[in-house]
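Input: a single structure, listed below in structure tokens.
The values are calculated or read from the model by the stated rules, or taken from the named source; none is laboratory data. Owing to the predicted nature of the structure, the values given are computational and were not obtained by experimental measurement. Quick note on the areas: whole protein, heavy atoms, side chains included, nothing else; ligands and nucleic acids left out. Shrake-Rupley method; radii C 1.70, N 1.55, O 1.52, S 1.80 Å.
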Amino acid sequence: MEAALRHAKARAEYLNKCSSTYIIHIAIKELGIASTRDGFYYVKNSVRMLCENPNLKLKNEVYLAVAMTRDPPAEEDQVENAMRKVILDAWSNRDPEIWECYFPIGEAGKTECPSNREFLFAIVDYVELWKAF
């Protein structure tokens, strides 16, 4: 968490002027998820929901709610799979220094690709750090 805190402090002056939604957007882009992919949209909306209520279940709550925001609605599995794919792609092309800010040494992501849950909550934690400033 120390690296993430240093990272957040370095950007605090700028980020204090931004909304939580924009902070989520920056974090997702910084981790290497292309905004042209459906998974980006799903990750962004999932994180926004989890920031509001971290006790939500991914299955049957978050994935389903995000799926219903599409027209026509997506399937819950499509949301989960699209998110998994963009996370794996971002992991494969990651900048280790940036990823270490979100996934410190010894945590998931340093030696293996984080799960959807780990990825989403790393961004939720980052938003919470930002709010502390």
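So the values come out like this:
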| read-out | value |
| --- | --- |
| Gyration tensor verdict on region 58-123 (Cα atoms; rounded if a/c is under 1.5, prolate if a/b is larger than b/c, oblate otherwise) | prolate |
| Rounded accessible area of residue 63 (nearest 10 Å², 1.4 Å probe) | 10 |
| Accessible area in the full protein assembly, largest first, 1.4 Å probe, for 91, 99 | 91, 99 |
| In Hz, Karplus ³J(HN,Hα) per residue of region 117-127 (6.51, -1.76, 1.60; θ = phi - 60°; x = Gly, Pro) | 4, 4, 5, 4, 6, 5, 6, 4, 4, 4, 4 |
